[in-house]
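Structure record follows, encoded as structure tokens.
The values are calculated or read from the model by the stated rules, or taken from the named source; none is laboratory data. Quick caveat, the model's predicted, so the values are computed rather than measured. A quick note on method: Cβ atoms are made from the backbone with ideal geometry, for glycine too, and the neighbour counts reach across all protein chains shown. Just so you know, the surface numbers come from the protein's heavy atoms only, side chains and all, with ligands and any DNA or RNA stripped out. Shrake-Rupley method; radii C 1.70, N 1.55, O 1.52, S 1.80 Å.
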Amino acid sequence: MTTNGGFEPVFCTVVPPHVLDKLARNDDPALSGPARRTLMRDSELRGKRRVTTEFALAAAPTAKAPSDQPLRTVYDAEHRTALPGTKVRGEGEDPGQDATVNRAFSGLGATFELFLKAYGRHSIDGDGLPLDATVHYDENYNNAFWNGEQMVFGDGDGEIFLDFTIPIDVIGHELAHGVTQYTANLTYYGQPGALNESMSDVFGALIKQYTLGQTAAEADWLIGAGLLAPSVTGKALRSMKEPGSAYDDDVLGKDPQPATMDDYVRTGRDNGGVHINSGIPNHAFYLAATQLGGHAWEKAGQIWYDVLTGGELTDRAFFTDFAKLTVKAARERYGDGGEELQAVEKAWEQVGVRIL
Amino acid sequence: MRIQVRRTGGFAGIDRHAEVDTSGRPDAQEWQSLAERAFASGRGTPPVGVPDGFSYQITVDGKTVYCADPRLTEEQRKLISRVLKEGA
Ligand SMILES: [Zn+2]
């Protein structure tokens, strides 16, 4: 921040980005104005658009504080591919007969709750965005995705995959893609893409742990446990604790995730290996969280959240850029020489990502 | 006509590949017409997909086009699912 020209320097040199972010949302224009301008200027310097999209509503004169309650809608694609499909459950409506619809609905609620209770974030855009999900997409569809506006879940083919709404961390994973889109907007290719994937695995895992009330030591650190059909040899799709160990099956092959930079996979497939190399930052998060102990969403999760939403993480960030920012965030939030800083530094060192 | 489909990405990040050789098949005409229509609406370079969406390569007699979920044409969707299901 060298080009502020002496303009409102207090916001430029002292206040960490996550605080600026909060200030920018303040109802008092005397507080929100300078903070917002600082963030804007910051973002202009890096040629980013997140602040304008994120604050467009907050800047409107009619803006009011977003609700502490989610606004959820679940649609049924009825095994076709038109989105969003037929509305089957809205906010305030009782559960129906369809377990898939009910799981999606409560998964949306759990995700909303973690972001609000742990990080003070109102929905995925931080401004109360309605949460929409479509279930029963296509026939025997072995996937779930985020289309930029909503989540979409297939039923699985029953031979390899079961219903994608079964693991709550998968629901959280998809919604976390929305959070990333509204914040750092990490490019979905190569290392920034693997970071984007890792953010979704981290917050997906945290949503599961939060829902179950688990500590870092108690958690299984698996992504997609319960998703593999009984005939498949494996326990989940990914393991943050032991990347590369989630499955080893005749049909699926072996889990290709590396845990450290020594085994980084260079490939053009899967958008440059976004679901493969995410194993490295995933494992770093696991190491930091288990080192710190207690509830992973409280300290390690807070540090990762600070970086994702802090405004300094660029959309083309590499692992090392992200790692350095977590070190900075740990220092800013918990102090120099604290166990948090040590745990974060050690985690990146163990997976071979440079922080100096 | 040799029709190959490769699917990459998706939540699981697991590749799938299959191909169908239409020569000698009783339904060769139907396959060829479907493949030509699916191929015609494909792109020369991989489109930017959505997070966790599947990406596809459709190769017909050695020429390749690309497409990605959820923006597939009906013909692409039909061809992809048939090749991945019936192909070897
Ligand atoms: Zn994802």
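With a cut-off of 15 Å on the backbone N, the residues of region B:51-88 near the modelled label site 7 Å out from B:Glu36 along Cα-Cβ are B:60-61. Can you work out the FRET efficiency for the pair B:Gln29 and A:Glu78, with r the C-beta to C-beta distance and R0 = 22 Å, to the nearest 0.05? Computed FRET efficiency for B:Gln29 and A:Glu78 comes out at 0.10.
The label-point distance for A:Gln97 and A:Asp68, in a model that sets each label 7 Å from Cα toward Cβ, rounds to 3.8 nm. The residues of the protein assembly as shown have, on average, 43 Å² of accessible surface per residue, using a 1.4 Å probe with all protein chains present. Provide a list, ordered by number, of residues in region A:176-204 showing at least 40 Å² less accessible area with every protein chain present than when their chain is taken on its own, using a 1.4 Å probe. In region A:176-204, residues shielded by partner chains: A:Tyr188.
With contacts taken as Cα pairs under 8 Å at a separation of at least 6 residues, region B:1-71 carries a relative contact order of 38 percent.
Of the trypsin sites (Lys or Arg not before Pro) found in region B:34-88, no site is in coil according to DSSP while having at most 15 other Cβ atoms within 10 Å of its Cβ. In region A:193-329, a dipole from Cβ-located charges (positive for Lys and Arg, negative for Asp and Glu) runs towards its positive end, and of A:Pro258, A:Leu195, A:Thr309 it is A:Thr309 whose Cα lies farthest in that direction.
The GluC sites (Glu not before Pro) found in region A:131-220 that occupy coil by DSSP, while having at most 15 further C-beta atoms within 10 Å, are A:Glu139, A:Glu149, A:Glu159, A:Glu218. The magnitude of the dipole of region A:72-166, with charges of +1 and -1 set on the Cβ of Lys/Arg and Asp/Glu and taken from the Cα centre, is near 360 debye. Nonpolar atom fraction for region A:204-297, defined as the carbon and sulfur part of the 1.4 Å probe accessible area, stands at 46 percent. Normalised by the number of residues in region A:142-189, the average gap of Cα pairs under 8 Å and 6 or more apart makes the relative contact order 32 percent. Applying a threshold of 23 Å to the alpha-carbon distances of A:Lys299/A:Lys346; A:Lys117/A:Lys235; A:Lys299/A:Lys324; A:Lys117/A:Lys299 flags A:Lys117/A:Lys235 as lying beyond it. For the protein assembly as shown, the Cβ-based charge dipole about the Cα centre amounts to some 1140 debye (Lys, Arg positive; Asp, Glu negative; other atoms uncharged). The stretch between A:Thr233 and A:Glu159 holds 25.5 nm of extra length on full extension. This uses 0.36 nm per residue minus the Cα-Cα distance.
Accessible surface buried by the B/A pair amounts to about 1900 Å², both sides summed, 1.4 Å probe. Here region A:90-168 has 44 percent of its accessible surface on carbon and sulfur atoms, given a 1.4 Å probe and all protein chains in place. Computed per residue of the protein assembly as shown from DSSP H runs no shorter than four, each worth -39500 (n - 2.57), the mean residue ellipticity at 222 nm is -13000 deg cm²/dmol. In chain B, the longest principal axis of the Cα atoms and the axis of helix B:28-40 are about 30 degrees apart. Annotation note: chymotrypsin sites (Phe, Trp or Tyr not before Pro) in region A:150-190 located in DSSP loop regions with a Cβ neighbour count of at most 15 within 10 Å are absent. So which residues of region B:1-20 lose at least 20 Å² of accessible area, probe 1.4 Å, when you go from the chain by itself to every protein chain present? At a threshold of 20 Å² (probe 1.4 Å), the residues of region B:1-20 that become less exposed are B:Arg6, B:Thr8, B:Gly9, B:Phe11, B:Ala12, B:Gly13, B:Ile14, B:Asp15.
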